[in-house]
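Student: After the structure tokens below, expect a handful of questions from me.
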Amino acid sequence: VIGREHLAPEVGEQGMLHTPTLNDEQVARFHGDGYLVVRGGFGPEEMHRIDAWTREVEAMPEVSGRQWVYHEESLKEPGRQLIARIENIAPFHAGFAELSRVLKASIGQLLGEDAVLFKEKINFKMPGGAGFKPHQDVQAGWDTYADYFVNVLVCIDEATSANGCLKMVSGHHKRGIF
């Protein structure tokens, strides 16, 4: 989600990822549909790198004041806790700081102005997890920070109807918050 600037670490190698560049047709499609799917926005090596970073973050110890780890109880194994999502990553991981940086540039193309990071997270859809009901990614009070928010999703696993992929509704952005 784009909105407020996070302070990213200066560590790490700049240019680990290329910045996906959007064309005029893609920008127009985004404004008409309210979303844009960019297949192959990152190449196979970059996706391998993003997947490895995700595993690194998943394995990081939970430390107060750093990344936020949210758990849910398994529907298949009562009593077993699964990671549902991890937030506040970029300040503590150079790879995710880089990913946020390059995605802000692409989102800036859609907005016609510089984008800033409001929040970043990794959603895990573990076997036995609850999944998500239809919703909009906006919370009460977010409008305190910005008038407009854009979500960016980078899928590291194949997303299909069988495994519960994200579904978007064309044009719903013009109807406001439900």
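Student: At 222 nm, what value in deg cm²/dmol follows for the chain if DSSP H runs of at least 4 each add -39500 (n - 2.57) and the sum is divided by all its residues, to the nearest 500?
Tutor: It lands at -8000 deg cm²/dmol.
Student: What are the membrane-span-like helices in the chain by this rule: whole DSSP H runs, Cα extent along the axis at least 24 Å, mean Kyte-Doolittle hydropathy at least 0.5?
Tutor: 94-111
Student: I need the calculated FRET efficiency for the pair residue 170 and residue 105, taking r as the beta carbon distance and R₀ as 30 Å, to the nearest 0.05.
Tutor: 0.75
Student: Still on this structure: List the relative contact order of the chain as a percent without decimals, with contacts defined as Cα pairs under 8 Å and 6+ residues apart. Walk me through the intermediate numbers first.
Tutor: On the way: 221 pairs, mean separation 61.4, N = 178.
In percent, rounded to a whole number, it is 34.
Student: For a quick protection proxy, order the peptides 104-115, 134-145 by their average other-Cβ count within 10 Å, most packed first.
Tutor: Ranking, from highest mean packing down: 104-115, 134-145.
Student: Hey, what does the equivalent ellipsoid look like for region 3-150, semi-axes from the Cα gyration tensor as sqrt of 5 times each eigenvalue, largest first, whole Å? Don't skip to the answer; put the middle values down first.
Tutor: Numbers: eigenvalues 143, 79, 57 Å².
Working from the Cα gyration tensor, I get semi-axes of 27, 20, 17 Å.
Student: Here is a follow-up. May I ask you to list the lysines whose Cα is less than 22 Å away from that of residue 167, ignoring any residue fewer than eight positions away on the same chain?
Tutor: 119, 121, 125, 133
Student: Taking R0 as 30 Å, what FRET efficiency do you get between residue 178 and residue 126 from their Cβ-Cβ distance, rounded to the nearest 0.05?
Tutor: Values: r = 28 Å, r/R0 = 0.92.
Rounded to the nearest 0.05, the efficiency is 0.60.
Student: Same structure, new question: Could you tell me what percent of the accessible area of region 99-178 is made up of carbon and sulfur, with a 1.4 Å probe and every protein chain present?
Tutor: Carbon with sulfur: 53 percent of the solvent-accessible area.
The values are calculated or read from the model by the stated rules, or taken from the named source; none is laboratory data. In this text the structure is predicted, and so the values were computed from the model without any measurement. Cβ sites come from the backbone with ideal geometry, for glycine too, and all protein chains shown count toward neighbours. Surface accessibility is based on the protein's heavy atoms, side chains included, excluding ligands, DNA and RNA. Shrake-Rupley method; radii C 1.70, N 1.55, O 1.52, S 1.80 Å.
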